[in-house]
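Enquirer: This is the structure I want to talk about, given as structure tokens.
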Amino acid sequence: AEVADSLKEQTDKVGIESFLRRATFISERLQSLAVDMNRLLETTVSEDDWRRFNRGEKGIFVRKMLGFREKAKLDAIKQKYQDDDEFRRYVTRYLSQFESLLKEATKRDHDGVLNATFMSSDMGKVYMILAKALGRGI
């Protein structure tokens, strides 16, 4: 019983570490996709935004996407999604990767704390904006 408990503890520890590595990797990919989506949406990106990004503030472009909450801007996202293949690929990847992160979080945390944390993050808010613009349920 002692050996079984020890094995279970090690398995849980390795599983959590593996999840955290994957979550970090997905987070970096989501931030990169936000840069590309901002570029294609032709949002104003100042030199200061780029300096902040290059100094390590990788979430700057995710936060810029949060400005798209108004109905007219949501409609613009939907139209861009329908008209622009490259933008559609970025948005589809963003949604898919964020959903993958949520699925992994659910496996690790049955109480939903991780899901709530991810959904309330800036990346989660961008996910909700994109989903809303495209008429998808969350």
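The values are calculated or read from the model by the stated rules, or taken from the named source; none is laboratory data. Fair warning: this is a prediction, and the values are worked out from it, not measured in the lab. With ideal geometry, Cβ positions are generated from the backbone for all residues, glycine too; neighbour counts draw on all protein chains shown. Accessible surface is based on the protein model in full, side chains and every heavy atom, while ligands, DNA and RNA are left aside. Shrake-Rupley method; radii C 1.70, N 1.55, O 1.52, S 1.80 Å.
Enquirer: Could you say which residue among GLU86, GLU57 is assigned to a loop (DSSP other than H, G, I, E, B) and over 13 Å from ALA133 (Cβ atoms)?
Expert: Exactly one of GLU86, GLU57 is assigned to a loop (DSSP other than H, G, I, E, B) and over 13 Å from ALA133 (Cβ atoms), namely GLU57.
Enquirer: For ASP84, are the conditions met, namely being farther than 28 Å from LEU20 by Cα and touching a residue at least 12 places away in the same chain (Cβ under 8 Å)?
Expert: When the stated conditions are applied, ASP84 passes them.
Enquirer: Among the residues of the range 12-45 satisfying the criterion of being assigned to a loop (DSSP other than H, G, I, E, B) and open to solvent by 50 Å² or more (accessible area, probe 1.4 Å), which is modelled with the highest pLDDT?
Expert: Result: THR44.
Enquirer: Which pairs turn up if I take residues in the range 93-109 that are under 20 Å from LEU134 (Cα atoms) and look for partners that are assigned to a helix (DSSP H, G or I) and of a type in the set (S, T, N, Q) with beta carbon separation below 6 Å, at least 6 apart in sequence or on another chain?
Expert: Note: pairs meeting the criteria are LEU102/ASN115.
Enquirer: State all residues of the range 68-83 that are open to solvent by less than 30 Å² (accessible area, probe 1.4 Å) and part of a helix (DSSP H, G or I); if no residue qualifies, say none.
Expert: Of everything in the range 68-83, those that are open to solvent by less than 30 Å² (accessible area, probe 1.4 Å) and part of a helix (DSSP H, G or I) turn out to be LEU74, ILE77.
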